[in-house]
1. Is it the case, given these coordinates, that residue 10 is assigned to a loop (DSSP other than H, G, I, E, B) and surrounded by 18 or more Cβ atoms within 10 Å (Cβ to Cβ)?
2. Filter segment 63-78 for residues that are more than 11 Å from residue 14 (Cβ to Cβ) and without any contact (Cβ under 8 Å) to a residue 24 or more places away in the chain and give the result.
3. If you take the residues of segment 19-29 that are surrounded by 13 or more Cβ atoms within 10 Å (Cβ to Cβ) and touching a helix residue (DSSP H, G or I) at 6+ places or on another chain (Cβ under 9 Å), which of them is farthest from residue 82 (Cα to Cα)?
4. Among the residues of segment 49-60, count how many are loosely packed, with under 15 Cβ neighbours inside 10 Å and either closer than 12 Å to residue 73 by Cβ or within 10 Å of the chain's Cα centre (by Cα) (or both).
5. Return the only residue of 46, 67 being surrounded by 13 or more Cβ atoms within 10 Å (Cβ to Cβ), over 15 Å from residue 7 (Cβ atoms) and modelled with pLDDT of 95 or more.
6. For segment 79-87, does any single residue satisfy the condition of being in a loop (DSSP other than H, G, I, E, B) and either under 15 Å from residue 7 (Cβ atoms) or free of Cβ contacts under 8 Å to residues at least 24 places away in the same chain (or both)?
7. What is the number of the single condition among (1) surrounded by 14 or more Cβ atoms within 10 Å (Cβ to Cβ); (2) touching a helix residue (DSSP H, G or I) at 6+ places or on another chain (Cβ under 8 Å) that residue 15 does not meet?
8. For the subset of segment 70-88 comprising residues that are surrounded by fewer than 19 Cβ atoms within 10 Å (Cβ to Cβ) and touching a strand residue (DSSP E or B) at 6+ places or on another chain (Cβ under 9 Å), which member is modelled with the lowest pLDDT?
């Protein structure tokens, strides 16, 4: 199991609404934990990409916006309603 001691905050949080849950995600680490622990579709293409992008984002200098965009695409794939004040 990999433990990520660092985090990359996003400029804006993403709020996901599902049938039984509401998730507020505001960083790359939050997104990765959400994908690993609360995701209804583990092997969807967008979810797999988002996990990879988030993991890479925590170990590199990549812009956190890449992880945010990938996470939003995975959320749409999983059927969450995505609430954000700005576009992905």
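The values are calculated or read from the model by the stated rules, or taken from the named source; none is laboratory data. Small disclaimer: the values here were computed from a predicted structure and weren't measured. Here Cβ is always computed from backbone atoms with ideal geometry, including for glycine, and neighbour counts include all displayed protein chains.
1. On the way: assigned to a loop (DSSP other than H, G, I, E, B): no; surrounded by 18 or more Cβ atoms within 10 Å (Cβ to Cβ): yes.
Here the answer is no, as residue 10 does not meet what is asked.
2. 63, 66
3. Filtering segment 19-29 down to residues surrounded by 13 or more Cβ atoms within 10 Å (Cβ to Cβ) leaves 23, 25-29.
Next cut, touching a helix residue (DSSP H, G or I) at 6+ places or on another chain (Cβ under 9 Å) only: 23, 25, 27-29.
Details: 23: 10, 25: 11, 27: 15, 28: 16, 29: 18 Å.
Here the residue is 29.
4. Filtering segment 49-60 for residues loosely packed, with under 15 Cβ neighbours inside 10 Å gives 52, 56, 59-60.
When the remaining residues are screened for being either closer than 12 Å to residue 73 by Cβ or within 10 Å of the chain's Cα centre (by Cα) (or both), the result is none.
Residues in segment 49-60 being loosely packed, with under 15 Cβ neighbours inside 10 Å and either closer than 12 Å to residue 73 by Cβ or within 10 Å of the chain's Cα centre (by Cα) (or both): 0 in total.
5. Values: 67 fails: over 15 Å from residue 7 (Cβ atoms).
Within the list 46, 67, the selection yields 46.
6. As a first pass, look at segment 79-87 and keep what is in a loop (DSSP other than H, G, I, E, B): 79-80, 84-87.
Cutting the leftovers down to either under 15 Å from residue 7 (Cβ atoms) or free of Cβ contacts under 8 Å to residues at least 24 places away in the same chain (or both) gives us 87.
Yes, because at least one residue in segment 79-87 is in a loop (DSSP other than H, G, I, E, B) and either under 15 Å from residue 7 (Cβ atoms) or free of Cβ contacts under 8 Å to residues at least 24 places away in the same chain (or both).
7. For residue 15, the exception is condition (2).
8. 88
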